[in-house]
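The values are calculated or read from the model by the stated rules, or taken from the named source; none is laboratory data. Just so it is clear, the structure is predicted and the values come from calculations on it, not from any experiment. Counting neighbours? That spans all protein chains shown, and the Cβs are built from the backbone with ideal geometry, glycine included. These area figures cover heavy atoms from the full protein model, side chains too; ligands, DNA and RNA do not enter into them. Shrake-Rupley method; radii C 1.70, N 1.55, O 1.52, S 1.80 Å.
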Amino acid sequence: VKQHTTTRAATRAATLLLAGVLAACSDTTTSSAPRAEPTLAERVAALGFRTDMIEDHGDFVLVEGDIYLSKAQLRTVTVVDANDPLRPSFQYRTTNLVGSPKVYDIKVDVSGLNSQTSWQTAAREALTHWSGISNSYVRLVETGPADITVSTTCTSSNVAAYASFPSGGNPGSTIYVNTCFAYSTTYAQKVHNMVHEFGHTLGFRHSNYTQQGESAGTEGAVHIANTPTSGNATGSVMNGGTALNSWAGFAASDLTATRALYPLPKPVLSVTNSGGNPLVSWSALPGATGYGVVYNVSWHYSNRETGENYTLSDDYPLGTTTGTSLLDTSNSYTGVGMCDWSYGFEISRETYRYYVSATFANGTSQGFVLAPTGSC
Ligand SMILES: [Zn+2]
């Protein structure tokens, strides 16, 4: 988890970094000593965070401005060598993510912001932004019992807010708004901060984390396919050090990343013989409002002599339902889903499939299975 510091933080960090370098020099004579229990800083470093911005708060520490790590959590961290090839490769998401279907039903309590009504409204708006991403299964709703609690604290003046990362299939459980932040913020800035912090609870690291001087560690920084690898000039809401940015919508890479990490679930199908007809069944998907079933026949032809190669495909809609099964009365159950033929150099394969599309508020998803209707 991570986050939002101002440029003042850079000055502060540089000061602390200098102190760290001096301390390291004085320590060099003990470098060959037997390995002791890892220090707090070593465990923080193993998680991939900077060690020059650790703030000790008793039973937890804040790192890199806005990342919350409990000491109980840190005590479980195994320290691996910085050059270990098994360390995650640089990038955007933590190793732990929110499970499915939990990600569709993340309950958020913002009552801890009752004394900060503008922040509270911004938090509620942030829920709608995350929940509104098309073709994503992310849904955050204000209800209880809470998976994420949002409340206030007073900590270092250069931190606007901070959050925790996912664990055990659940989202990061806390977001704190810092009432001692040195800068007054507009509503649009508050929305930006809230969207950013909820992003951390979903497992997003900073999109510019390498530029921020952060590393992967055991918390993980796994690159998400088809997103930029070197920071994000196009304004990702997950850029770090942006506490004073105003909400301007998600960047394209934010949307791509969210859909990649949390896609709509696909129906998983099975087919049984019901009185001579195929009965297509699937498990209900939370949030799906209905299902459509299509029977598909495709024919793939290839000629080994000429190299000619093509596929024909036909769809036959069988119906829609809000239930979880549909009887195909227009085909007979044969137990065979694929037929192969060969005439000289000509080879062809006829394949029969059932497709089921699930409709969600944010889009549709589709699964398929072979239809046991062939008579070869
Ligand atoms: Zn952050």
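A few comments on the model shown:
- Within the range 273-299, the set of residues being part of a strand (DSSP E or B) and free of Cβ contacts under 8 Å to residues at least 60 places away in the same chain comprises Ser274, Asn277, Leu279, Ser281, Val297, Ser298, Trp299.
- Glu197 being under 22 Å from the mean Cα position of the chain (by Cα) and within 16 Å of the ligand (Cβ to nearest atom): yes
- Here the range 16-50 is the region considered, the condition is being in contact with an Asp or Glu (Cβ under 8 Å, 6 or more places away or on another chain) and of a type outside the set (A, V, I, L, M, F, W, C), and the residue that is modelled with the highest pLDDT is Arg50.
- Test: residue in the range 164-187 that is part of a loop (DSSP other than H, G, I, E, B), more than 14 Å from the ligand (Cβ to nearest atom) and on the phi > 0 side of the Ramachandran plot: yes
- So Gly235, is it within 16 Å of the ligand (Cβ to nearest atom), more than 24 Å from Phe250 (Cβ to Cβ) and either assigned to a loop (DSSP other than H, G, I, E, B) or in contact (Cβ under 8 Å) with a residue 60 or more places away in the chain (or both): no
- Count of residues meeting criterion [more than 11 Å from the ligand (Cβ to nearest atom), open to solvent by less than 20 Å² (accessible area, probe 1.4 Å) and of a type in the set (A, V, I, L, M, F, W, C)] in the range 149-163: 1
- Residue tally, condition assigned to a loop (DSSP other than H, G, I, E, B) and modelled with pLDDT of 95 or more, over the range 133-155: 10
- Test: residue in the range 90-97 that is at pLDDT below 95, farther than 29 Å from Ser253 by Cα and either of a type in the set (D, E, K, R) or within 16 Å of the ligand (Cβ to nearest atom) (or both): no
- When the range 182-206 is filtered for residues that are open to solvent by 10 Å² or more (accessible area, probe 1.4 Å), in contact (Cβ under 8 Å) with a residue 12 or more places away in the chain and among the hydroxyl-bearing types (Ser, Thr, Tyr), the ones remaining, listed by number, are Tyr183, Thr185, Thr186, Tyr187.
- Condition check for His206: away from the ligand (no atom under 14 Å from the Cβ) and at pLDDT 85 or above: no
- Qualifying residue in the range 298-317 (condition: closer than 13 Å to Thr272 by Cα and either at pLDDT 95 or above or open to solvent by less than 40 Å² (accessible area, probe 1.4 Å) (or both)): no
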